[in-house]
Amino acid sequence: MPALTLPALHASHGGCWLHEGGRQDQSGTGQARTGRSATRAIGKGEAIMAAADTPVVLLNAPLVASRLGYPDLNGLDLLELFAFIHPARFVVPTPKGLAHALGLAEPDSDGAVPEFLLAAAGVLLDTCGSAHWAERDGAWTQLQSLARLRWTWAPLLAGHIARPERAERWLFSRLPEWDEAPERPQPAQTLLDDEAVTARLAQLTGSGAEQRPSQQAYARETARAFAPRRKEGQPHLVLAQAGTGIGKTLGYLAPASLWAQESGGTVWVSTYTKALQRQLRRESRRAWPGPRADGSQPVVVRKGRENYLCLLNLEDALQGGFNGRAAILAQLVARWASYTQDGDLVGGDLPGWLGTLFRQRGIAALTDRRGECVYAGCPHYRKCFIERAARASAQADLVIANHALVMVNAARGRDHAQRPTRIVFDEGHHVFEAADSTFAAALTGTEAIELRRWVIGPERGTKGRRRGLSARLADIASYDEAGAEAIAAAREAAEALPADGWLQRLAEGAPSGEIEELLAGVRALVHARDESGGQEAGYGLETEAAQLPGEFIELAGKAQGALAGLRQPLVRLGARLEAIMADPPDWLDGAGRARIEGARHSLAWRIDLIAAWEALLQRLGGPVDPEFVDWLAVDRSDAREFDIGLHRRWLDPMKPFARVVLEGAHGVMMTSATLTDRAKDGRAKDNQEKDGSQAPGQVDWDSAVARTGAAHVDAAPRLFAAESPFDYAAQAEVLIVTDVPKGDISALAGAYGRLIEAAGGGALGLFTAIRRLRAVHGRIADRLARGGLPLYAQHVDPIDTGTLVDIFRDDPRSSLLGTDALRDGVDVPGRSLRLVVMEQVPWPKPSILHRARRAASGGSAADDRLIRARLAQAFGRLIRSKDDHGHFVVLSSAFPSRLLGAFPPGTPIHRLTLAEALQRVSAGVHGPRGESRPHEEADQARDG
């Protein structure tokens, strides 16, 4: 078709450009009455007027709106068009990324982008008329719904998508159903042979690949975790530190795939980040290239329920539950649902940018976040993505999951098949914090109101399909009188829980019910004990649960009684459901049994939750329990209170982790590049064995044993360490800049801007505070963009973190600013990442919990171990392959020498001025420098 003559707009930190096109005719077909015009640079005001006057073609409307400072911007967003035409297909949401996805030439400048956008729109519209359009099914029907919603692309698409000869099936009838399968038999007891493991590793790495002795040794050590267990409660436990570049993934997939093949069992690989889950899914294809002969999948990715599309929620959204732009989002998600691999909305094949295009939490509303699933009572139960994944994992050879899900399944597995017994914890340095969160208890307003909604149902006048216990179990209540009485009692007791508007009532001093009264007492006590003098207005407040006044203890006692009054009828209801399952009535079919079984498990974990809250309240005012840390908190964001409550954490969360996860397993491996602390003798590179590994005595394992739970298991772990094969002396430099004053935002921003310019982009900036990140970004983004160096930032750009990393990876001249989420799990090899800048040493936040653990773990030495681990993880972003080179910069005038052990052995370290650092960054890292000094010499230079 001829080129579109619609207006097109592009805005970046470097400026705005408009291609006015021809005047659009009244039919909305995009054909022009007048000739086309050239692209020209314009100001923000004119850009806003142009966008307000008529729909313009643009890319990523929220980002353009952010650049213009015009939040109400609307238009013909090419990303929405791409999501409609190519659902479940990946594209980096930039002009360059779109060009690659469509096979077009990249625009060579910002000024060339508007005309490129028109060409890209033409290609996408032409696709709809192509006989090779793979995603045609359902498009015409979906377009009719979008047209009724006045989607801006609908009139243009109408002329390109022909009405099918036969009526298209409704989305929910097109989705395949899952099949029941018998439970897998117990795995055979097998012992893996070293030669067989080495041969499997060679098979996975491929013919002609370099045989790495350290990777082979790592794979053989991993195999020890799969040996038959000798005694109950004593798993085979392997702690393996493997530096970046060892090849950990294939190193443990080799024995894992061999064991699964020989034993017929299931191996769980647990990660902390979604990025590693995606990598594992790709790498696992080497061991399991495709489906089995019966069509089942040998590899399954499992996540929490809140990650998957809930079909019942989607149906409600499509039938009027969503309004305005959210309704358009629901239609685009419905298009995706027809083509998705597994229904994973978060980190799966749904584009991460789709939800942010609509500037609201519509994606979250399409998941089951409140635990209100009705299981077999749902009309889409047999097509449910969550149920499909759960059943597939029970039959899989490899299940890829996250730390939290593995821990929850070990504690609350719905059946034996869901309890992992052979587990590889990759990113094992994060197991401690995952366990800390999993085994925590928090009685807060947000948690309590969700429990109220689960029991009672929605408040009057509230939209949505949320249903209380009486609605979900109506047939049981009508059949079983005792069950009906238990439901009624639970509903009455739940009235003591916070209801909608609870925060406002607390602020006004008018709490309603025992739990709200307790939360009001928490709020008053925390504010009374605040010692910040109002200086920390943007942050939360907390105080330890000690020396509590008598009136507060009285409030806690009343709240505890109210919770007990709720827990008891729920326990009775659970008993009635068990009785019905044991002696089912004639009318209870298979679907009904499944629904009751689901309700039983949902009841069980809520009963456990209430019991944990009761235990938390019971100890207030009593003797101190040394196993726990309790405190009261008011959570705030930008001076606005959003939650209030009481918190309890294990002083050492690895105790419950060891009891629940490790003791129930047969074999567990914990692995990471930063599992141990290098403070003592982890630098002993010269003493490595021939295979690249180190003897256990050469590495400080104390912290690894403590933070993996190995200390709480009655079995000695096997210890293995292998240094990275990279030549850090030739590939990297650590620069500690000593003349950027702490607290001087202008100086900090100037340092970041000059360093990014010196590197020519490719910089990852890491911050410990969002406020400083935003301040630095606001001062340097425009200047860098004018120099052809795009700058993106978490907490500033309206883009999800995963997409920000995709954009950063795709453009070697771009840079990215972020916080903790970018310090771990970001894999950007090559020139796209050649500079890492940390604004300061990442000291831990001085919270009540941190203070208690610090005192129990060795005082300042515990802090130092934590900081070295964070520095090591941040440094690990820099060198990802043998061809990478770059600088790691810390803007700290007083960087302690004792923290230098965080960096790999032989890495040159320099304390120098910003001017000197700029010279080194400009020159790049090309090999060993005669003046570069490793750790010890740098320490001596500083200490005189």
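Quick note: the coordinates plus some simple rules give every number you see, no bench work behind them. It should be emphasised that the depicted structure is a prediction, and the values quoted were computed from it without experimental measurement. Here the Cβ is made from the backbone with ideal geometry for all residues, glycine too, and neighbour counts use every protein chain on show.
General remarks:
- Counting other Cβ atoms within 10 Å as a rough exposure proxy, the listed residues Met581, Met669, Met407 run Met581, Met407, Met669 from fewest neighbours to most.
- Packing around the peptides 605-618, 438-451, taken as the average count of other Cβ atoms within 10 Å per residue, puts them in this order, highest first: 438-451, 605-618.
- In Å, descending, principal axis extents of the Cα set of the range 8-168: 50, 33, 30
- Between Lys231 and Ala41, the C-beta separation translates, for a Förster distance of 60 Å, into a calculated FRET efficiency of about 0.20.
- Highest mean packing comes first when the peptides 849-858, 566-575 are listed by Cβ atoms within 10 Å, giving 566-575, 849-858.
- Around the Cα centre of the range 304-395, unit charges on the Cβ atoms of Lys, Arg, Asp and Glu (plus for the first two, minus for the last two) sum to a dipole of about 100 debye.
- Amide hydrogen neighbours beyond the local backbone of Val238, cut-off 5 Å, H modeled: Val668, Met669, Met670, Arg718
- Of Lys383/Lys655; Lys655/Lys845; Lys655/Lys742; Lys96/Lys274; Lys303/Lys655, those spanning more than 32 Å from alpha-carbon to alpha-carbon: Lys383/Lys655; Lys655/Lys742
- Convex hull (Cα only) mean projected area of the range 728-943, reported in nm² to one decimal: 11.8
- Across the range 510-664, the convex hull enclosing all Cα atoms gives 182 Å³ per residue.
- Fully extending the segment from Ser637 to Lys655 would add 3.2 nm, taking 0.36 nm per residue of separation and subtracting the current Cα-Cα distance.
- Virtual paramagnetic centre 7 Å along Cα→Cβ of Lys882, amide N under 13 Å, in the range 271-313: none
- Computed FRET value (nearest 0.05) for Ser207 with Asp782, which takes r as the C-beta separation and R₀ as 56 Å: 0.60
- The packing ranking, built from the mean of other Cβ atoms within 10 Å per residue, places the peptides 224-234, 151-161 in the order 151-161, 224-234, highest first.
- One chain, two ends: Asp608 and Asp500. Fully extended at 0.36 nm per residue, the span grows by 36.5 nm beyond their Cα-Cα distance.
- Under the convention that each Lys and Arg Cβ holds +1 and each Asp and Glu Cβ holds -1, the size of the dipole of the chain around its Cα centre is about 1080 debye.
- Alpha-carbon gyration tensor eigenvalues x 5, square-rooted, for the chain, Å: 41, 40, 32
- Of the DSSP H helices in the chain, those whose Cα atoms cover at least 20 Å axially and whose Kyte score averages 0.0 or more: 113-127, 514-529, 550-582, 590-618, 745-759
- Residues whose placed amide H lies under 5 Å from that of Ala793, excluding near-sequence neighbours: Leu817
- Computed on the range 65-140, with alpha-carbon pairs under 8 angstrom and 6+ residues apart, the relative contact order is 29 percent.
- In nm, spacing of pseudo-spin labels at Ser922 and Gln186 (7 Å Cα→C-beta vector): 7.1
- Amide N proximity, the range 314-343 versus Asn74 label position 7 Å along Cα-to-Cβ, cut-off under 17 Å: 322-332
- FRET efficiency, 1/(1 + (r/R0)^6) with R0 25 Å, evaluated for Asp126 and Arg163 via beta carbons: 0.85
- Net length available on complete extension from His601 to Asp583 is 4.6 nm, with 0.36 nm assigned per residue and the Cα-Cα distance removed.
- Formal net charge of residues neighbouring Glu135 (Cβ-Cβ distance under 10 Å; K, R +1; D, E -1): +2
- Distance between modelled label sites at Leu912 and Asp108, nm, 7 Å Cα→Cβ extension: 3.6
- Summarising the label geometry, the points placed 7 Å from Cα in the beta-carbon direction at Ala894 and Asp820 lie 2.4 nm from one another.
- √(5λ) per eigenvalue of the Cα gyration tensor, the range 577-654, largest first, Å: 39, 18, 10
- Of the trypsin sites (Lys or Arg not before Pro) found in the range 246-327, those in coil by DSSP whose Cβ has at most 15 other Cβ atoms within 10 Å are Arg285, Arg292.
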